[in-house]
Amino acid sequence: MAVHSSIIRDMRHQPDALKTGDHRKHRRLPLSLAGRFMRADRSEYDCRMRDVSVGSAGVVADTVPETGERIVAYFEHLGGVEGVVARITPDGFAFVFKVTEHKREKLAAQIMWLVNRDDFPEAAGRRHERIGTGGRRTTLKVEEGVIIDVELLDLSASGASIGTPARPPLGSLVIVGKTRAIVRRHHAHGIGLQFLSLLSPDALRDRFP
């Protein structure tokens, strides 16, 4: 079952206790991603993410840093995340992210995409009926804050195909029309997007008039 947008909103506004390292007061989602982490002395080691929230992650690793040590971890599909080791676990460690609010919002969207990817096939959202849009125009706001005029190729409850020469990175957070979405794929004419939550027919009409 897909993680709902209300969970992502909660993830963006995590309690102060999480910021101080008490990740147990914030919901962790199981997510296995291969990665590497770099310690304070710049030595690097393989690891694997076990679970994650927008504020912290549990990591499985043979080499374990010290509690309180600052690290940089790189995970497939998620990229680099800086943080501080909060505690040592039997098979690795947990660390709290030290990121900007913009990065935190991006992480929330990427985590939702990764956790829900089995619910959205590679052709994003094609389990839902696609509606032709007759070349309707809309706007696309990318991470840098740039707003682009684009063509709405087709639309469904879970995503949209956009005609544009722009190629935002896969997994990046964008706003198409009035709707937040994740870039799922690049195609010959533009990009395929997955919405952060399913839209009803009324919501589709309101957000893409």
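The values are calculated or read from the model by the stated rules, or taken from the named source; none is laboratory data. These numbers come from a predicted model, not from an experiment. Every residue, glycine among them, receives a Cβ derived from its backbone with ideal geometry; neighbour counts consider all protein chains shown.
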_Qualifying residues in the range 68-78 (those that are in contact (Cβ under 8 Å) with a residue 24 or more places away in the chain and surrounded by fewer than 20 Cβ atoms within 10 Å (Cβ to Cβ)) - the one nearest to G145 (Cα to Cα)_ = H77
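Consider the range 177-196. How many of its residues are under 16 Å from the mean Cα position of the chain (by Cα) and surrounded by 17 or more Cβ atoms within 10 Å (Cβ to Cβ)?
Count: 11.
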*What are the residue pairs meeting all of these: first residue in the range 41-58, first residue closer than 11 Å to L107 by Cα and assigned by TED's automatic domain parsing to the domain that holds E82, second residue of a type in the set (G, A, S) and modelled with pLDDT under 95, Cβ atoms under 6 Å, and 6 or more apart or on different chains?*
V54/A108
*Can you pull out the residues in the range 142-163 that are buried (at least 16 other Cβ atoms within 10 Å of the Cβ) and either among the polar types (S, T, N, Q) or within 20 Å of the chain's Cα centre (by Cα) (or both)?*
V142, S156, A157, S158, G159, A160, S161, I162
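Residue-by-condition table, conditions (1) touching a Leu at 6+ places or on another chain (Cβ under 7 Å); (2) modelled with pLDDT of 95 or more; (3) of a type in the set (S, T, Y); (4) at negative phi:
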residue: C47; (1), (2), (3), (4): no, yes, no, yes
residue: D62; (1), (2), (3), (4): no, yes, no, yes
residue: F75; (1), (2), (3), (4): yes, no, no, yes
residue: T89; (1), (2), (3), (4): no, yes, yes, yes
residue: M112; (1), (2), (3), (4): yes, no, no, yes
residue: G132; (1), (2), (3), (4): no, no, no, yes
residue: T139; (1), (2), (3), (4): no, no, yes, yes
residue: E144; (1), (2), (3), (4): no, no, no, yes
*asked:* Within the range 11-28, does at least one residue satisfy the condition of being at pLDDT 80 or above and within 21 Å of V183 (Cα to Cα)?
replied: no
